[in-house]
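Before any comments, here is the structure.
Bear in mind these aren't lab numbers, they're just calculated from the coordinates by the rules spelled out. Just so you know, these numbers come straight off a predicted model, no measurement behind them. Every residue, glycine among them, receives a Cβ derived from its backbone with ideal geometry; neighbour counts consider all protein chains shown.
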Amino acid sequence: MSKKLSRWVLDIPRMMSQPDWKEKTDILADEDISAGAPSELIVYNDDFNTFDWVIACFQEILGHSSIQAEQLAMLIHLKGKATVKSGHLDELKPQKDALVDRGLSAVIEAV
């Protein structure tokens, strides 16, 4: 195992116990964000969707490559949430609705 890879593997427990995101306490309802405002589509971890299902949803709905979708699924699993797409509310809302319709926990937050 390379030195760089072994250092990363050894850091996994530390990374899992100390998430590096700051909790946002104010989640705005879709109606509170103007349609042209920069926003983020965030997906939260859950205990019932499989990795394969989440990856397929990201590829089909968001247009992500298989590698990008797989990396996002892993981030969500390890960190509890991840920003899966950034853009304007009017672009993200249909994508959020499609993810929610498929059983994923997704929200839009203003940047």
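How about region 32-59: which of its residues are surrounded by 13 or more Cβ atoms within 10 Å (Cβ to Cβ) and part of a helix (DSSP H, G or I)?
The answer is 51, 53, 54, 55, 56, 57, 58, 59.
I'd like to verify a number: residues in region 74-98 that are of a type in the set (Val, Ile, Thr) and either within 19 Å of residue 38 (Cα to Cα) or assigned to a loop (DSSP other than H, G, I, E, B) (or both), how many? Spell out how you get there, then give the answer.
Step one: filter region 74-98 for residues of a type in the set (Val, Ile, Thr), giving 76, 83-84.
So of that shortlist, the ones also either within 19 Å of residue 38 (Cα to Cα) or assigned to a loop (DSSP other than H, G, I, E, B) (or both) come out as 83-84.
The total comes to 2.
Can you tell me which residue in region 60-73 is nearest to residue 100 (Cα to Cα), limited to those that are loosely packed, with under 14 Cβ neighbours inside 10 Å and not polar (S, T, N, Q)?
60
List every residue pair whose Cβ atoms lie under 8 Å apart, where the two residues are 6 or more positions apart in sequence or sit on different chains, the first residue falls within region 99-111 and is in contact (Cβ under 8 Å) with a residue 24 or more places away in the chain, and the second residue, located anywhere, is β-branched (Val, Ile, Thr) and part of a helix (DSSP H, G or I).
99/61; 102/61; 104/54; 106/100
Condition first: under 13 Å from residue 104 (Cβ atoms) and in contact with a Phe, Trp or Tyr (Cβ under 9 Å, 6 or more places away or on another chain). Now tell me which residues in region 47-76 satisfy that.
Within region 47-76, 69, 72, 73, 76 meet the criteria.
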